[in-house]
Amino acid sequence: MNAPDSPSRRKPRRTRDARRSRTARRASRPALGRTAKPVRLAPSDLLGLGLLGLRTRKLRAALSALGISIGIATMVVVTGIPASSHRALMDEMSALGSNMLRAQSVSVQSRPVPLPEESVGMVRRIGPVTAASAVANTHAQVQRSDLTAGDDFSGTGVTVLAARRDLLDVVGGSVSSGRFFSRADEQFPTAVLGFRAATRLGIGKIHAGDPPPQIRIDSSWFTVIGVLRTVPLADDLDHAVLTGWPAARKTLRFDGNPTVIYVKAREASLEGVRDVLPVTVFPEQPGQVQVSRPSEALAAKRATENSFSSLFLGLAGVALLVGGIGVANTMVISVLERRREIGLRRALGATRGQIRVQFLTESVALAVLGGAAGTALGVLATAGYATYQGWPPVISALSVVGGCLGAAVVGAAAGVYPSVRASRLSPTKALAST
């Protein structure tokens, strides 16, 4: 027979049974002393909590957002209205020829030296040049009819110029009646009269249904198809009888060499274009080319480009700062009024970080709503005032985007202290407060 188990062998079995029993009891008891992990809130939940204060206190939220709105609207207005005025001023100065140069040959014995025929094409290949056209003196004589003397207008300053079809686009001219040369017109003996030349020749408006008037140039008849308005940037065209470039070569024995070249270039590079223009127009004899200096309007235009109103921008910043202080004040009062809510949320498991995010979201949302309203108000005010003044409305995208971002930054800065203060409230003190 086997001997009964000795006490030394039975003791480990009882120890193992006791351990299993204690483990089972621990598993069956609730974990009262354990720390539960905080529940993560989705961004939509945090946004809803942040907007809760705005929905429940609409009047206070509207008044607080009004301060931000005024600041952002002021920023948009004080950048948009001066920019619109600046654009209108720049357009007026551009109309004075601030981006135009005039190259012409030196006169020898009262007759201009003809420039190379390919000079216009060479000028167009200069990088900053945006457009170029030319006229040429044909030295022909004009008559109102064949019954008058051939030199009856020679002493009145009326000249006969061959003109390219794109001339008016370069010099900023326009037709008062009739039309300018088309691709077909410039091939035939047609003429367009300058404003004063038409008066000297006794020709008024050109009507579509009436027979067009005729003038005699040298020994050929030309049909007048249009009369120009006065051209401020090229007053020599006011006294000119213009003919098409190909027609002048066929009819008036014109050799195709221009005498005056009109050049439009980018304003930032106008001086550089002026320096290279003589050697480009006449490489063999650049000294025979005279180039007009840039218009005085260019200097005035550049002087006004930097005269932006920094004072107004400073006032807009002050208004935005005042609006941010208003938001901060509203958020501090909101924390004081909602201490019981904060204590209840903390007792239910909300962490300090969640409380901070809730109030910070509310502050940013309040500022962003005010910023959006202020941006819309500023855009409408700028567009309305610019239209009333006859200016082109200019709304800077930078001011609009910067206004909205600035509102968000101000809201975040204004909500830092109230959110931190709310998160530091203990649940017992918050619930005990009245």
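The values are calculated or read from the model by the stated rules, or taken from the named source; none is laboratory data. The structure displayed is predicted, hence computed values, not measured ones. So basically every Cβ, Gly included, is an ideal-geometry build from the backbone, and we count neighbours across all protein chains shown. We work out accessible area using only protein heavy atoms, side chains counted, and drop any ligands, DNA or RNA first. Shrake-Rupley method; radii C 1.70, N 1.55, O 1.52, S 1.80 Å.
Here are some notes:
- Inter-probe distance in nm under a simple model that places probes 7 Å from Cα toward Cβ, at GLU271 and ARG340: 7.5 nm
- Förster radius 41 Å - calculated FRET efficiency between LYS58 and ALA208 (Cβ-Cβ, nearest 0.05): 0.05
- Pair SER292, ASN329: separation of 7 Å Cα→Cβ label points (nm): 6.1 nm
- Computed E for ALA381/ALA413 - FRET, C-beta separation, R0 25 angstrom, nearest 0.05: 0.40
- Summary of packing: across the peptides 278-286, 233-241, 385-393, the per-residue average of other C-beta atoms within 10 Å ranks them, highest first, as 233-241, 278-286, 385-393.
- Area of GLU118 that stays accessible when all protein chains are in place (1.4 Å probe, Å², to 10): 110 Å²
- Counting only protein heavy atoms and using a 1.4 Å probe, the accessible area of ARG352 comes to about 120 Å².
- Heavy-atom SASA rank of LEU336, LEU348, LEU405 (probe 1.4 Å, accessible area, largest first): LEU348, LEU405, LEU336
- For the stretch 224-232, putting each phi into the Karplus relation 6.51 cos²θ - 1.76 cosθ + 1.60 with θ = phi - 60° gives couplings of 7, 10, x, 10, 8, 6, 4, 10, x Hz, in residue order, rounded to whole numbers and with x for Gly and Pro.
- Long-range amide H partners of SER176 with built H, under 5 Å: VAL227, LEU228, ARG229
- Farthest toward positive dipole pole in the stretch 317-409 [+1 Lys/Arg, -1 Asp/Glu at C-beta], among SER396, ALA372, TYR385: ALA372
- Rolling a 1.4 Å probe across all protein chains gives LEU321 an accessible area of roughly 110 Å².
- Order of exposure, largest accessible area first, which applies to PHE222, PHE180 with probe 1.4 Å: PHE180, PHE222
- Pair ASP235, LYS250: separation of 7 Å Cα→Cβ label points (nm): 3.6 nm
- Going by accessible surface with a 1.4 Å probe and the largest first, ARG338, ARG196 read ARG196, ARG338.
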